[in-house]
Structure formats: C-alpha cells, structure tokens
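J.: Starting off with a structure, shown below.
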Amino acid sequence: MILITGATGTSGVPIVKALLSRAERVRVLVRDVAKAATVLGDEVEITHGDLTDPQSIEAAMEDVDRALLNSPAAPDLVDLQSAFIDAAKRAGVKHVAKFSVAGADPKSNRTFAKMHGEVEDKLRASGLAWTMLRPTFFMQNFFAMAGMIRAGTIYQPAGEGRAPYVDVRDIAAVAAATLSEPGHEGKAYEITGPQSLTYHDIAQMFTNLTDHHVSYQNVTFEDAKKAMTQMGISEWLANGINELSQGLQEGIFTNVTKTVRDVGKKEPITLVQFIQENIEVFR
C-alpha cells in the first residue's frame, strides 16, 4: 500500500493517477473526502485527516510500506513534514519519497529551498529509505497567468532569467516510478522540462500559438508583491514567490536534466505541447 499526502493538489492528482495506471494500491490522506472522491475516482482508498492531525496520520499509515510526503507551502512546513517522517518510522513504513523543490538546501537564503532542505536532512537521518523529488517550476502555473496572457502582457519580476518549466504529468511519471520500482532509494532527482526558457521566449510561444500578441514586462518585486497580496496571497507566501523570481534572475534554475526520460521513461512534454493542449484557456 502506498500512502499519498497532498493528493488532490496540482501535482498530487497526476501522481495518484500514474500509480493507479501501474496497478498500485493507493491510499490518500485528505481534508476533503468528497473532493478526493470526485477528482481521484473509486479506485483509491480515501482517509480523512491532514498533517496537523497526528492521529489521522497514524491511522492512515496502517499496512503502508511506501509513502509520498507532499504538502503545500506553509510557515510550519518543516514541523508538519518532520512529524510525518517520525510517524512513518514508528509505523514501519519502509520508503518515503519526499516531494521537494529545485535547489533544496538547508543553508539556502530562499525560504522554500531552506525549509525543504531541512526536511530532506531530517528524512536522510531518519533511517528510512528515501528519495527526493525536486521539480522546477510547473507549466500548470501558467493557468494562474491566463488573464494576463489573454490581455496580452505577462508581468513578472524575473528579468532575463531562464528555467526549464515541467508539466506535472512528467513529475508524476518520475514519482510513480520512484514509488513502484526498486532502485530509487537514496537518490535525489532534479525534475525539469526539456527547454530552459525566458519569459520573453514564453511570451513569443503564446503569441505564435494563440494568434494574438503577448509580450513580457519585467516588474519590481514590490509591485509583484502588491499584486499578489491584492489577490489574497499571504505576505509570507508572496515573499517566498518573489525569492523564486530572484533565483530566476540569478540564473540558478537554468539546468535541464534527463530525469523524465531516464526515470519516468517518457519524452518530456514541451511548453508548446502544453499550450496547444490548453489553447482555449489562453486565447
């Protein structure tokens, strides 16, 4: 039995589906049982709870030998994920794959990288078999920019920075392989798309495919934070997102890996393919 946390999120749903396609037995720990039943179907065993409820974690781990640790960005992420690791060890779980971030490092000056790096260290020290999954920026994040794209201008504080954006279905292929095949223990996988792109490149792709002009406008971190908080994003999260954009400007996310091909055993989805599949969202 494989236990999945974060199962109804952007990355969680395709991971569950990829595991089901391998005929794995999957249990999910979720806050919203009805939502999980709707988006995941009836092949999945659903248990109610979350990482803030230790008793629900303990119950969800019964008969589980492998687990995916995945949870949203939050100020208490280190404490919550560390408690999950402790519970997994007590429950006799053999292997935990941690959904981390590109550049995870406990010494990082970027909030998300530092937090995930601290949890990675905790998992390594736990005595459990482990695998780290470190994806770069999701292509699915462009859905949140659809309004800007339709209006003709992408506003981001990313400068000329490049990143190899990855489709969550490719992340899922790697995660499913990691959890259902032997030989991935003790590995840290940097998961990227096939091309490292600037926002100018991305805007040109949208221009070519949507038949209306899309440009990229660099903005200040202050303006980006103001826009995010006006949308209801917390100041803490907005600051963390700006740190990622600063990392883009500094060129720390440019590296393209072969993880999707080598581990996921598939050709990585290109951004052009992603846009074409979702063209009506962006027109």
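The values are calculated or read from the model by the stated rules, or taken from the named source; none is laboratory data. Just so it is clear, the structure is predicted and the values come from calculations on it, not from any experiment. Cβ sites come from the backbone with ideal geometry, for glycine too, and all protein chains shown count toward neighbours.
J.: Answer yes if at least one residue in region 157-170 is within 24 Å of T8 (Cα to Cα) and assigned to a strand (DSSP E or B), and no otherwise. Full working, then the answer.
T.: Kept after step one, since they are within 24 Å of T8 (Cα to Cα), are these residues of region 157-170: 165-170.
Applying the additional criterion that residues be assigned to a strand (DSSP E or B) yields 166.
Within region 157-170, one or more residues are within 24 Å of T8 (Cα to Cα) and assigned to a strand (DSSP E or B).
J.: Does L77 satisfy the criteria of being surrounded by fewer than 20 Cβ atoms within 10 Å (Cβ to Cβ) and under 15 Å from the mean Cα position of the chain (by Cα)? Please lay out each step first, then the result.
T.: Values: surrounded by fewer than 20 Cβ atoms within 10 Å (Cβ to Cβ): yes; under 15 Å from the mean Cα position of the chain (by Cα): yes.
Yes; evaluated as a whole, the condition is true for this residue.
J.: Report, by residue number, each residue of region 33-83 that is among the acidic types (D, E) and out of contact with any helix residue (DSSP H, G or I) (no Cβ under 8 Å at 6 or more places or on another chain). Give the steps one after another, and end with the answer.
T.: First pass over region 33-83, keeping only residues among the acidic types (D, E): 42-43, 45, 50, 53, 58, 62-63, 65, 76, 79.
Passing the criteria: D42, E45, D53, D63, D65, D76, D79.
J.: Which condition number does G251 fail, the rest of (1) of a type outside the set (F, W, Y); (2) closer than 19 Å to G159 by Cβ; (3) touching a strand residue (DSSP E or B) at 6+ places or on another chain (Cβ under 9 Å) being met?
T.: For G251, the failing item is (3).
J.: Here's another thing I want to ask about it. Please tell me if F84 is within 30 Å of D211 (Cβ to Cβ) and under 19 Å from the mean Cα position of the chain (by Cα).
T.: Numbers: within 30 Å of D211 (Cβ to Cβ): no; under 19 Å from the mean Cα position of the chain (by Cα): yes.
No, not satisfied.
J.: Further question: Please go through (1) in a loop (DSSP other than H, G, I, E, B); (2) at pLDDT 95 or above; (3) not basic (K, R) for P14 and return the number of the only condition it doesn't satisfy.
T.: (1)
J.: Looking at D50, is it within 24 Å of V168 (Cα to Cα), acidic (D, E), in contact with a Gly (Cβ under 7 Å, 6 or more places away or on another chain) and surrounded by fewer than 20 Cβ atoms within 10 Å (Cβ to Cβ)?
T.: On the way: within 24 Å of V168 (Cα to Cα): yes; acidic (D, E): yes; in contact with a Gly (Cβ under 7 Å, 6 or more places away or on another chain): no; surrounded by fewer than 20 Cβ atoms within 10 Å (Cβ to Cβ): yes.
It is false that D50 is within 24 Å of V168 (Cα to Cα), acidic (D, E), in contact with a Gly (Cβ under 7 Å, 6 or more places away or on another chain) and surrounded by fewer than 20 Cβ atoms within 10 Å (Cβ to Cβ).
J.: Out of all the residues in region 91-115, which are part of a helix (DSSP H, G or I), more than 19 Å from the chain's Cα centre (by Cα) and more than 26 Å from V16 (Cβ to Cβ)?
T.: First pass over region 91-115, keeping only residues part of a helix (DSSP H, G or I): 91, 111-115.
Remaining after also requiring more than 19 Å from the chain's Cα centre (by Cα): 91.
Result: no residue meets the conditions.
J.: Only one of (1) free of Cβ contacts under 8 Å to residues at least 24 places away in the same chain; (2) of a type in the set (S, T, N, Q); (3) touching a Leu at 6+ places or on another chain (Cβ under 8 Å) is not met by Q195, so which one is it?
T.: Failing condition for Q195: (1).
J.: In region 195-232, what count of residues is obtained for those that are β-branched (V, I, T) and either modelled with pLDDT under 95 or more than 24 Å from the chain's Cα centre (by Cα) (or both)?
T.: Pass one, region 195-232, residues β-branched (V, I, T): 198, 202, 207, 210, 214, 219-220, 229.
Keeping just the survivors that are either modelled with pLDDT under 95 or more than 24 Å from the chain's Cα centre (by Cα) (or both) gives 207, 210, 214, 219-220.
Number of matching residues: 5.
J.: Is there a residue being among the small types (G, A, S), in contact with a Phe, Trp or Tyr (Cβ under 9 Å, 6 or more places away or on another chain) and at negative phi anywhere in region 244-266?
T.: First, the residues of region 244-266 that are among the small types (G, A, S): 245, 247, 251, 264.
Remaining after also requiring in contact with a Phe, Trp or Tyr (Cβ under 9 Å, 6 or more places away or on another chain): 245, 247.
Checking which are at negative phi leaves us with 245, 247.
Checked region 244-266: at least one residue is among the small types (G, A, S), in contact with a Phe, Trp or Tyr (Cβ under 9 Å, 6 or more places away or on another chain) and at negative phi.
J.: Could you please tell me which pairs satisfy a Cβ distance under 6 Å, a separation of 6+ or placement on different chains, a first residue in region 115-136 that is within 27 Å of Q195 (Cβ to Cβ), and a second residue that is of a type outside the set (D, E, K, R) and part of a helix (DSSP H, G or I)?
T.: Going by the 6 Å Cβ cut-off, the qualifying pairs are T131/T178; L133/A175; P135/I171.
J.: If you take the residues in region 135-169 that are surrounded by 14 or more Cβ atoms within 10 Å (Cβ to Cβ) and of a type in the set (D, E, K, R), which one is farthest from the chain's Cα centre (by Cα)?
T.: Top of the filtered list is R150.
J.: Conditions: (1) touching a His at 6+ places or on another chain (Cβ under 6 Å); (2) part of a helix (DSSP H, G or I). Y216 meets all but one. Number of the miss?
T.: Unmet for Y216, out of (1) touching a His at 6+ places or on another chain (Cβ under 6 Å); (2) part of a helix (DSSP H, G or I): (2).
J.: May I ask you to list the residues in region 218-257 that are surrounded by 18 or more Cβ atoms within 10 Å (Cβ to Cβ) and among the hydroxyl-bearing types (S, T, Y)?
T.: Those that are surrounded by 18 or more Cβ atoms within 10 Å (Cβ to Cβ) and among the hydroxyl-bearing types (S, T, Y): S245, T257.
J.: Another question about this same structure. Determine whether A83 is surrounded by fewer than 18 Cβ atoms within 10 Å (Cβ to Cβ), touching a Leu at 6+ places or on another chain (Cβ under 8 Å), without any contact (Cβ under 8 Å) to a residue 40 or more places away in the chain and part of a helix (DSSP H, G or I).
T.: Working: surrounded by fewer than 18 Cβ atoms within 10 Å (Cβ to Cβ): yes; touching a Leu at 6+ places or on another chain (Cβ under 8 Å): yes; without any contact (Cβ under 8 Å) to a residue 40 or more places away in the chain: yes; part of a helix (DSSP H, G or I): yes.
Considered against the rule, which asks whether it is surrounded by fewer than 18 Cβ atoms within 10 Å (Cβ to Cβ), touching a Leu at 6+ places or on another chain (Cβ under 8 Å), without any contact (Cβ under 8 Å) to a residue 40 or more places away in the chain and part of a helix (DSSP H, G or I), A83 comes out as yes.
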